[in-house]
Amino acid sequence: MQRYFVKDIVNDEVIFEKDQIHHIVNVMRMRVNDQITVVYNGEAFLVALESTNPLKVKIIENLHEDHELNNHITLLYCIPKGEKLDLVIQKATELGVSEIILVQSERCIAKITKENKEKKLLRFNKIALEASEQSKRTIVPTIDKVIDFKDISKFKFDHSFIAYEDEGEISFKDKIEQIKEGETIGIIIGSEGGFSRKEVDYAILNNYQSISLGKRILRSETAVFYSLTSFALLLERN
């Protein structure tokens, strides 16, 4: 069933964006009485089309969906080169992340500049929206910040991690098992070049725990999938 995040519901009238109307009427060619799911303010509703010109729908029921994790997870991701970021945003959304903060670290090759920031954020948010619709989420992750590495100190979480390939002592598994329902989580994942020792020390100074993601060295995007999958498995199990 098609799913759309709508901008407003006023007196049971669902307000669609122009591109959503085009998709429903002209792309999907839906007819009166066809049903879709609309999501507003974290709640999903089953609706049926009453007319297509103009597009009007009738709310049938609140679906009371429960597809979200009970913990707010923020991914602080150092900007990779190429199109890897698009894939990471898509999969991180599917895996339940609540927010993605893009980080310019010392070894980042790719850059997001003042000139291209707005355009890139628009594209990233579109990717997250489409991934949220596909995975039947009731929220779309927030992606609105591009920060320098030093600014990680401004963000506080109940559990803060930085994934570091040279961390040999602290097991990720041991740490995530300490997380309780409702607590906030932040994890920093590096780009292709990883982190300098100086950056890791700075993160630790600001209450991020340096953790190992296992015995093997993972690609940047794989590290994201590994860590978020681990969180989801633990949190949904509990």
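Every number here is computed from the coordinates shown, using simple stated rules; none is lab data. No experiment lies behind these values; they were computed from the predicted model shown. Don't worry about glycine lacking a Cβ; one is built from the backbone with ideal geometry, like all the others, and counts go over all protein chains shown.
Report the FRET efficiency, 1/(1 + (r/R0)^6), for Asp86 and Asn11, where r is their Cβ-Cβ distance and R0 is 35 Å, rounded to 0.05.
The computed FRET efficiency comes out at 0.35.
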DSSP loop trypsin sites (Lys or Arg not before Pro) in region 12-99 with at most 12 other Cβ atoms within 10 Å of their Cβ, which ones?
-> Arg29, Arg31
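Local charge sum around Pro141 (other residues, Cβ-Cβ under 13 Å, Lys/Arg +1, Asp/Glu -1)? The partial results should precede the final answer.
Working: positive: Lys91, Lys126, Arg137, Lys145; negative: Glu68, Glu94, Glu99, Glu130, Glu133, Asp144.
Local charge sum for Pro141: -2.
Relative contact order, percent, of the chain when contacts are C-alpha pairs under 8 Å separated by at least 6 residues?
On the way: 417 pairs, mean separation 47.6, N = 238.
Relative contact order of the chain: 20 percent.
Could you size up the charge dipole of region 37-146 around its Cα centre, putting +1 on the beta carbon of Lys and Arg and -1 on that of Asp and Glu, and report it in debye to the nearest 20?
Working: 16 positive and 16 negative charges, 135 e Å.
Dipole about the Cα centre, nearest 20: 640 debye.
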When the charge dipole of region 93-238 is computed with +1 on Lys and Arg Cβ and -1 on Asp and Glu Cβ about the Cα centre, the Cα farthest towards its positive end, among Ser160, Ser171, Leu102, belongs to Leu102
So the angle from the long Cα axis of helix 117-134 to the longest Cα principal axis of the chain, reported in degrees to the nearest 10, equals 70
Pairs over 30 Å Cα to Cα, from Lys84/Lys150; Lys150/Lys215; Lys56/Lys114; Lys58/Lys84, come to Lys56/Lys114; Lys58/Lys84
Work out the length of the dipole vector of region 160-230 about its Cα centre, built from +1 on the beta-carbon of each Lys and Arg and -1 on the beta-carbon of each Asp and Glu, and round it to the nearest 20 debye.
-> 120
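Does region 73-237 classify as rounded, prolate or oblate by the C-alpha gyration tensor (a ≥ b ≥ c root eigenvalues; a/c under 1.5 gives rounded; else a/b over b/c gives prolate, otherwise oblate)? Can you show the working numbers first?
On the way: a/c = 1.59, a/b = 1.12, b/c = 1.42.
Since a/c reaches 1.5 but b/c is at least a/b, the shape of region 73-237 is classed as oblate.
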Report the extension gain between Arg197 and Glu43 in nm, rounded to one decimal, defined as 0.36 nm multiplied by the number of residues separating them, less their alpha carbon distance.
-> 51.1 nm
In debye, nearest 20: dipole of the chain around its Cα centre with unit charges on the Cβ of K, R (+) and D, E (-)?
-> 740
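Please list, by residue number, every one of the GluC sites (Glu not before Pro) in region 33-141 that is coil in DSSP and has at most 11 other beta-carbon atoms within 10 Å. Provide the component values of the computation, followed by the final result.
Working: sites: Glu43, Glu50, Glu61, Glu65, Glu68, Glu83, Glu94, Glu99, Glu106, Glu115, Glu118, Glu130, Glu133; in loops: Glu65, Glu68, Glu83, Glu106, Glu115.
Qualifying residues, ordered by number: Glu83, Glu115.
Test of understanding: what is the full-extension gain from Ile109 to Glu130, defined as 0.36 nm times their sequence separation minus their Cα-Cα distance? Each step should come with its number before you reach the end.
Working: separation 21, 0.36 × 21 = 7.56 nm, distance 2.73 nm.
This chain segment gains 4.8 nm when fully extended.
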Relative contact order %, region 3-62, counting alpha carbon pairs below 8 Å whose residues are six or more apart = 31
